[in-house]
Amino acid sequence: MSDEAAHPGDAAGAAALPLIEVTGEAGARARPVDAWLEHLLSRAVRRYNRRPRPATIAATSGVTEPTDARAVVRRACIRSALAGGATGALSTGAAAATAETHGLGGLVAIPAAALAIGGETVLRLLLHVQMLCELADLFGLRFDPDEPADVWALLALTFGVGEHPQDNDDPAGALMRSARERGSDVAKQLAARLAGESVARNVVPVLAVASSSITSWVITRRLGDTARRYLRYRRALDGALCDEALRPHVERLFEGLWFIFTADGRLKPEETALLAAVLRRLPASARACRNDRLADDIAWIERLSDVPEGARAPLLRALEVAAAVDKVASLRERKLLAHAAAALGLRLDERGLDRMIHELEEIGTLCAAA
């Protein structure tokens, strides 16, 4: 059985690393607008998943992240900019009609402009969802339409809905709240954010055409680039996270990922998403005093000596992938890996690390993990 067939993302379109915990109460607690937005997003994912699967980066050498994934993002940016420009033109026309008719035309023009702004918000969300699904397909992944957790997480992280772990005195708690946040909670905040942005950039007539178009492009590009990197991370690390030998030692892996991801400074959105997913896999008892452990990399290295022989090589491999997946392994990351390897009684494969970086740079996924 191939990796692609065995991958959780290939089973009924399920996401490999669900970031949001599902509860039976979510639908009952959601307000109508939030429930409608959730339904719209899930329906869009389900409709996309009915399509035949295209060639993936993992399976076809002719498909690469630098070309194909960026092309998907660029197409979505163009569509989003056109939709934004059309809305800006309509709002400008509404303002002109209102002024020329001494306010009488506003009885029709203003409601029409408001309807266009609302429609543009919905259209932009659908364009974003399609872009995310197309990107996931390139990496051999698909989102779960019944609980598109990864989609909600990417939207929340990109649009700043939620808290950043490093801005919080309780980083582990912030990650846990992100992992447990319901889709309805994200939908409520996201709807307000999208609608507010649409209104703000269409307030000034004439300028609204350019501002709406440019803002739509920038936001779509930001989401697309975040998703592209996240899917690269997820594809590269899925094999390690599904390794039977590592499952009892996910706690050590989570701590190692934290130290590697924060070695170069601030956590990126895609790194936050991965950390939340791994933390969610830990048993409740293992989450106690988590913040103390995230502040001491030396103590973490010392605890690696407790890892049994059979799990040591897979753990080091997962840490090497984590260091390579952003296509740059800094000196600080390499030193951390060298100390971890020594504690595990192994040696860091510098050439292997550079080879992984090259594969990720040229293709977008690891040949050995594909």
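Key figures for this structure:
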{"quantity": "Full-stretch length increase - VAL218, ARG303 - with 0.36 nm per residue and alpha-carbon distance subtracted", "calculated": "26.2 nm"}
{"quantity": "Chain lengthening between ALA338 and THR67 when straightened (0.36 nm per residue, less Cα-Cα)", "calculated": "94.2 nm"}
{"quantity": "Calculated FRET value between LEU331 and CYS242, using beta carbons and R₀ = 35 Å, to 0.05", "calculated": "0.70"}
{"quantity": "Protection-proxy order for peptides 234-243, 299-308, 315-324, each taking the mean of Cβ atoms within 10 Å per residue, highest first", "calculated": "315-324, 234-243, 299-308"}
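Here, each number is a calculation from the coordinates, and none is a lab measurement. Note that this is a predicted model, so its numbers are computed, not measured. When we count neighbours, we look across all protein chains shown, and the Cβ atoms used for this are built from the backbone with ideal geometry, even at glycine.
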